[in-house]
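Colleague: I have a structure I would like to understand better, so I am pasting it below and will then ask my questions one at a time.
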Amino acid sequence: MPLNTGGGVCIANQTIRDFKVTGNSVRWGRFRGTIAADNGLQMVNGNTWVFGQFVGNRFDGQISTSTRANGPGCSFMMTLERTSSQ
């Protein structure tokens, strides 16, 4: 769900796929991170950040982009629920 539309360029919801948690390691696309002792997570890839908090089987977080040269960035709220591994 968009929080900051970046001047209208980021107005659609985005689908999150393949967000994988193994132990305290997280992988999603080109992002890599480690879940901290307080269950927080911060990952960066280029000018895009993913940060948030694990609470039980749920991750509540945000994706934020910074595009200084191309105008304002975008921010999206994300809530992910754990599913079984396949």
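The values are calculated or read from the model by the stated rules, or taken from the named source; none is laboratory data. Quick caveat, the model's predicted, so the values are computed rather than measured. Note: ideal-geometry Cβ built from the backbone for every residue, glycine included; neighbour counts use all protein chains shown. Note: areas computed on protein heavy atoms with side chains; ligands, DNA, RNA excluded. Shrake-Rupley method; radii C 1.70, N 1.55, O 1.52, S 1.80 Å.
Colleague: Spin-label point model (7 Å from Cα, Cβ direction): what's the residue 81 to residue 18 distance in nm?
Modeller: Taking the simple label geometry, residue 81 and residue 18 are separated by 2.4 nm.
Colleague: For the residue pair residue 45 and residue 66, what label-to-label distance in nm results when each label sits 7 Å from Cα along the Cα-to-beta-carbon direction?
Modeller: 1.8 nm
Colleague: Another question, then. Just to make sure I understand: if all protein chains stay in place, what is the order of 35, 11 by accessible area at 1.4 Å, largest first?
Modeller: Numbers: 35 25, 11 120 Å².
Most to least solvent-accessible, the answer reads 11, 35.
Colleague: By average Cβ neighbour count within 10 Å, what is the ranking of 20-30, 54-64 from highest down?
Modeller: Ranked by mean Cβ neighbours within 10 Å, highest first: 54-64, 20-30.
Colleague: Ignoring ligands and nucleic acids, what accessible area does residue 34 show with a 1.4 Å probe (Å², nearest 10)?
Modeller: Surface accessible to solvent at residue 34 totals approximately 90 Å².
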